[in-house]
1. Here is a list of conditions, (1) over 33 Å from the mean Cα position of the chain (by Cα); (2) surrounded by 13 or more Cβ atoms within 10 Å (Cβ to Cβ), and Arg155 meets all of them except one; can you say which number that is?
2. From Glu191, Glu142, which residue is in a helix (DSSP H, G or I), touching a residue at least 24 places away in the same chain (Cβ under 8 Å) and charged (D, E, K, R)?
3. Confirm whether Val72 is in contact (Cβ under 8 Å) with a residue 24 or more places away in the chain, in contact with a Ser or Thr (Cβ under 8 Å, 6 or more places away or on another chain) and among the aliphatic types (A, V, I, L, M).
4. For the structure I just gave you, tell me whether Asp51 is closer than 15 Å to Tyr95 by Cα and modelled with pLDDT under 80.
5. Considering each residue of segment 17-37, count those that are touching a helix residue (DSSP H, G or I) at 6+ places or on another chain (Cβ under 8 Å) and either acidic (Asp, Glu) or modelled with pLDDT of 80 or more (or both), and give that number.
Amino acid sequence: MLSDRQKDRSDGLIRNLTAAGCDVVYPRSSSDSLQEAVAECRPDVVIIEQDAPGRDTLESMQRATEHIPHPVVMYVDDSAHESIRKAIQVGVAAYVFKDLGPERVRPVLDIAIARFEEHQRLMDEAQDLRDELGRARHSLAERRLVEQAKGIVMREYRVDEDRAYDLLRQISQDRNVAMGDLARLVIRNHERKA
């Protein structure tokens, strides 16, 4: 999908993309938001052509690919370091200076897609790690509660640690209650008595 407010400016890029075997799709109208256009077209690659990427364009691109991730290639005239840095920060996979010959268009798209796929893989791994960390924290918190409840049972019933744990586990099984939930109940009841 090619997004450019000035379609006549894109003639050379369209020829190069077509020569490289790409099907070029424009949004229905230039008034469509980039997010709507991406949702409607479901392109393999989003190509944004501009003189220089402005803040509005970068924010629009980020919103558009936030919910429906796609590789984004920007064709620009601006080679300012700050523009490049901001574009990469919001997820642009390739930042290309205009007048790229047709023989170089396909490699740029392939690289953008590969970078995007690698980025998505890393994001998925990071999310898996966050999920695993969350489960580990929850498990640790549950263990602390069980240890605290076990201490209460040991003191109140004057039993050793193993017996206290066995009692908690037996009650948990008999009442079909998770150990963490049972531990919370034991702690709450103990605090009410205190």
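1. Failed condition: (2).
2. Glu142
3. Here the answer is yes, as Val72 does meet what is asked.
4. yes
5. Final tally of qualifying residues: 8.
The values are calculated or read from the model by the stated rules, or taken from the named source; none is laboratory data. Because the structure is a prediction, the values reported are computed rather than measured. Neighbour counts are summed over all protein chains in view; Cβ atoms, including those assigned to glycine, are modelled from backbone coordinates with ideal geometry.
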